[in-house]
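Just below is one structure, and these are the notes that go with it.
The values are calculated or read from the model by the stated rules, or taken from the named source; none is laboratory data. Worth saying up front: this structure is predicted, and the values here are computed from it rather than measured. All Cβ positions, glycine included, derive from the backbone under ideal geometry; neighbour counts span all protein chains shown.
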Amino acid sequence: MDNNKGENNLGQDQNEEEKRIIINGFEPQISPITAAFIGLIGGFFLYQFVGGLFTFIIFGFDLNNAPVNGLRIMTMVSQLLFILLPAILFSKWFYNDINKILKLKAPDYKEIILFIIGIFVLTPLLQNYVSIQNHFIDKMAEISPFINSIKSLLDSLNKLVEKSYINLLSTKTIFDAIFVIFVVSIVPAVSEEIMFRGFIQSSFELKLKARWAIVITAVFFGLYHFNPYGLVPLIILGLYFSFAAYMSRSIFVPMILHFTNNFIAILMYFIIGDKDLVDPSASGVLDIRMSFFLLILFTVIFIGIVYFIFVYYKKKNIELV
C-alpha cells in the first residue's frame, strides 16, 4: 500500500514537471540544469582557453607589443565565436524554440526607460562601494600579513585585467573610439546577454525558482570576468541584468543595460582618463564619510526604482517567484 502511494506521488511529481515544461513551450533534449552548466563550462572554456590560445598563437606571448586593433578584433571574434555562437547552437540543440529560450521579444519603451534609470543610479552606487571596499582592504592589509599576501596576489591578477582593459580603451582617433565602443560595449552586450540571460538563465528557470535562477546566473557572470576587485559589483550588475531579463521576458532589456553600463565606463575614461576607473585597487585619498553617504543615498534611490519596477510589472501580473 505504501509502495503504491510512493509510486503515485512520484508519478504526480513527474507529471507536474512534464506539465511545467510543456506549459513553458519547451521540449528539452536533456535536463535544463545540465544544459545550463554545459553553457557555463563550454562558454568559459571556449572563450578563456581556446580564445586565449588563438590569441597567443597569432600575437605571441608579448601582448604589450601586439597591434592594438588586432587584439580588439581578436577580442570581438572570440566573443562572437565562443560565446554568442555556442549559445545559439546550444539553444537549437537542446530546445525546440530558440526565440523563447533566448527571450527574443521586443520590449515596451516604458520597460527600457525604467531599467535604464536604474542603471544610471546603480553605476555611481557601485563606484562608491568599490572605493569603500578597497579602502578597508588596504587598512586590513596594513595590520594583517595574511591579508596582505592575499592582496598582493589579487593586485597581480588585477594588473593583468587592468592592462588589457587600458590597451583596449586607448585611442588616438575618432575611428578608434567608435571601434572601441563597438568592441567593448556592443559586442559583449549582445554575446554575453544571449549566453547568460538568454540560454543559461532560461535553462535554470525551467527547473528552479526564478530568484535562484537569477542569483546563480549572476554569480557565474561575476566569476566569469576574472576581476578580483570588481567581483561584487559584477555580481550585483548580473543580478540587475537577470532581474530585468526575467521581469521583461526580453533579452533586449539586459542587452541595453549591459551596453549602457559599458558605454558609461568608456565615456568616463575618454573624458576623464582617470586611472581609478579601470584600476579598482587604486584607493588614493578617500573621504570615507562622503563615500558612505553617497553609497547609502544611491542605495535608497535604487531600492525606490526597483519598487516602481515591481509595481509596473504587478499591473501586468508578472511577479518574481
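Can you list residue pairs whose Cβ atoms sit under 8 Å apart, with the first residue in the range 216-243 being under 16 Å from Ile41 (Cβ atoms) and at pLDDT 95 or above and the second being assigned to a helix (DSSP H, G or I) and charged (D, E, K, R)? Count only pairs 6 or more apart in sequence or on different chains.
Thr217/Arg197; Phe221/Glu192
Filter the range 265-291 for residues that are at pLDDT 90 or above and either crowded, with 17+ Cβ neighbours inside 10 Å or more than 24 Å from Asn158 (Cα to Cα) (or both) and give the result.
Listed by number, the residues that qualify are Ala265, Ile266, Arg289, Met290, Ser291.
Table: residues versus (1) crowded, with 16+ Cβ neighbours inside 10 Å; (2) part of a helix (DSSP H, G or I).
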residue: Met140; (1), (2): no, yes
residue: Leu153; (1), (2): no, yes
residue: Asn158; (1), (2): yes, yes
residue: Val161; (1), (2): yes, yes
residue: Tyr165; (1), (2): yes, yes
residue: Leu168; (1), (2): yes, yes
residue: Lys172; (1), (2): no, no
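So the check is Cβ under 6 Å with 6+ separation or different chains; which pairs have a first residue in the range 35-56 that's touching a residue at least 60 places away in the same chain (Cβ under 8 Å) and outside any helix (DSSP H, G or I) and a second one that's small (Gly, Ala, Ser) and surrounded by fewer than 14 Cβ atoms within 10 Å (Cβ to Cβ)?
As it stands, the answer is none, since no pair meets every condition given.
Just to verify a result, which residue in the range 110-138, among those that are of a type outside the set (S, T, N, Q) and more than 23 Å from Val306 (Cα to Cα), is surrounded by the most Cβ atoms within 10 Å (Cβ to Cβ)?
Ile137
Listed here are the residues, each with its yes/no results for (1) closer than 28 Å to Lys103 by Cα; (2) touching a Leu at 6+ places or on another chain (Cβ under 8 Å); (3) modelled with pLDDT under 85.
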residue: Asp2; (1), (2), (3): no, no, yes
residue: Gly11; (1), (2), (3): no, no, yes
residue: Gln14; (1), (2), (3): yes, no, yes
residue: Ile23; (1), (2), (3): yes, no, yes
residue: Phe37; (1), (2), (3): yes, no, no
residue: Phe44; (1), (2), (3): yes, no, no
residue: Ile58; (1), (2), (3): no, no, no
residue: Pro67; (1), (2), (3): no, no, no
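Phe61 versus (1) assigned to a helix (DSSP H, G or I); (2) surrounded by fewer than 13 Cβ atoms within 10 Å (Cβ to Cβ): which is the lone unmet condition?
In the conditions (1) assigned to a helix (DSSP H, G or I); (2) surrounded by fewer than 13 Cβ atoms within 10 Å (Cβ to Cβ), Phe61 misses (1) alone.
Name the single residue that is surrounded by the most Cβ atoms within 10 Å (Cβ to Cβ) among those in the range 67-106 being of a type in the set (D, E, K, R) and under 16 Å from Glu193 (Cβ atoms).
My answer is Lys103.
Give the residues of the range 221-239 that are surrounded by fewer than 23 Cβ atoms within 10 Å (Cβ to Cβ) and in a helix (DSSP H, G or I), sorted by residue number.
Once the filter is applied, which keeps residues that are surrounded by fewer than 23 Cβ atoms within 10 Å (Cβ to Cβ) and in a helix (DSSP H, G or I), the range 221-239 yields Gly222, Leu223, Tyr224, Leu231, Val232, Pro233, Leu234, Ile235, Ile236, Leu239.
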